[in-house]
1. Tabulate in residue order the Karplus-calculated ³J(HN,Hα) for region B:82-99, using 6.51 cos²θ - 1.76 cosθ + 1.60 with θ = phi - 60°, rounded to whole Hz; enter x for Gly and Pro.
2. Can you put A:230, B:1 in order, fewest other beta carbons within 10 Å first?
3. Over 31 Å between C-alpha atoms is what I'm after, so list which of A:126/B:45; A:80/B:29; A:260/B:29 land there.
4. Fewest first, what order do A:119, A:109 take by the number of other Cβ atoms within 10 Å?
5. Quick one: Debye curve from the alpha-carbon atoms of the protein assembly as shown only, equal weights, vacuum; give me log10 I(q)/I(0) at q = 0.07, 0.08, 0.09 Å⁻¹ to two decimals.
6. Neighbour counts of other C-beta atoms within 10 Å: give me B:64, B:138, A:151, A:127 arranged from fewest to most.
7. Evaluate region B:24-178: find the radius of gyration of its Cα atoms, find its Kirkwood radius, and give the ratio Rg to Rh.
8. Compute the Cα gyration tensor for region A:59-192, then decide on rounded, prolate or oblate, letting a ≥ b ≥ c be the square roots of its eigenvalues: rounded whenever a/c is under 1.5, prolate when a/b is larger than b/c in the other cases, and oblate in all that remain.
Amino acid sequence: MAVETFYTQIARNKRNTWLLIIAFAVFFIALGLLIGHVWGGGEVRFSIATAAAAGGIAFILTLASYYGGGSVLLGLSQAKEITKADDPQLFNVVEELTIAGGLPMPRIFLINDTAMNAFATGRNPKHACVAITTGLREKLTRDELQGVLGHELSHVRHYDILFATLIAVMVGVLVMLCDIFLRSLWWGGGGRRSRGRDSRGGGGGAMAIMAIIALVLAIISPILARIIQMAISRQREYLADAGSVELTRNPEGLAHALAKLADDPEVLEVANRATAPLYIIHPIKKFEERSESIFDTHPPVRDRIERLMALVR
Amino acid sequence: MTIAVLIILGVIVLMILAIIGVYNSLVQKRIRCQEAWSQIDVQLKRRYDLIPNLVETVKGYAAHEKETLERVIQARNQAIAAQGVRQQAEAENMLTGALRQLFALSEAYPNLKANENFLALQEELSSTENRISFARQHYNDSAAVYNTAAQSFPNNVIAGMFGFQRQDYFELEDTAMRQAPKVSFNR
């Protein structure tokens, strides 16, 4: 865990983000063109229009979640912003960590819930918000709190929040597009096909092949997209754990905190399926008891603790 | 002929652009080091500012512990007046020791320990100790990034050309000082 790898890791994260977004966008447009092609019976203008419409929706949703996602999430979680006077120690712990990481001070929110959990949001370090539950605040020692907040600040520092938001939107729109396409096949949608055949003439066999490819892709790509999304999410959790130790130089703090979090039987009431991936541990199901699955957002807690304790020499 | 000239010109332009890029990134990393360094001073000053307050508060409850209180004040003044890295490190070391003693002493005064002002000051001071060590850690991290950038090829050629010198790491002979004192109290 040399310092160097840490900085290069952040740089690589940023590069990967862009590569992934570009690759996803290319795939997305290609799929849009293909579906438009099948719908429009080979009419080029119609397939371009379909791709453009899908791309436009994805673009608007991405922008909206980029700028507004944080406040929506904080609102959904019923988080209330606090000031230093409300909890000097909590602010001190966060300020210490921002010094260690050379980060600006994030805004801090409390969620009034006895379940123990925390999450970070905001599109970049300057707009970062960290939210923790009152249960977590009360049950952790200073060192454990430091570990958890270090994990959250690492998400901020690695631009994980931006990354997760963009991927979530793109996967969402992709699933939507495939869904609409598959439904349209049920409805027949042959109205345009005959007209397309008139203007083009011939090419019926190629059209059928295109339709089959589109059908297969529409079925497979949402599943693939989700598996990739979850794999990235788990990777990011490990990375944020390592990042926390880079800041605190104290793996035991976070390890103890994770053990406490895993033992906490309470369910966070304000969390739901949509917001679950953002928390430090999965807020809904007892995670570590389930076997590892490719659809999990978080790695098993036992694994995370083992990796942390490996850092204690 | 003209194509060869164009290619040579193109290569020269690219090289100049590359040099500008490396130069700017080195400058940026060096500035980050300087910022990190000044952050250490900010946190040290924060500690100096907190101490008179602390001493006043303790005086109200444990006035006859004059010796310890005076030692804290003295160590603080010495640390402020210290010149050079080495002397400063020694003075800071003494101050840390004196503070630790002061907090150990407070255990014997239940009234003092129950004082809200004292508790707040204790939290602020223990946080400041963490801040100082985190600021040093951040300086060393920044220095490591800068040094690696300035020493690896081909950046080292450009660094040599423009006089980018190696940044020293913050190291202390006394390990007790590197570890911030454990005045923190788990709650």
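1. 4, 10, x, 5, 5, 4, 4, 4, 5, 5, 4, 4, 5, 4, 4, x, 5, 5
2. Details: A:230 18, B:1 5.
Final ranking by Cβ density, sparse to dense: B:1, A:230.
3. Values: A:126/B:45 26 Å; A:80/B:29 37 Å; A:260/B:29 39 Å.
Listed pairs above 31 Å: A:80/B:29; A:260/B:29.
4. Details: A:119 28, A:109 21.
Placing the least packed residue first, the sequence is A:109, A:119.
5. These q points yield log10 I(q)/I(0) values of -0.53, -0.66, -0.79.
6. Working: B:64 7, B:138 25, A:151 28, A:127 17.
Going from least to most buried by this count: B:64, A:127, B:138, A:151.
7. On the way: Rg = 19.6 Å, Rh = 17.4 Å.
A ratio of 1.12.
8. Prolate, since a/c reaches 1.5 and a/b exceeds b/c.
Where a number appears in this text, it was derived from the coordinates with a stated rule and is not lab data. For clarity, every value in this text was computed on a predicted model and none was experimentally measured. A quick note on method: Cβ atoms are made from the backbone with ideal geometry, for glycine too, and the neighbour counts reach across all protein chains shown.
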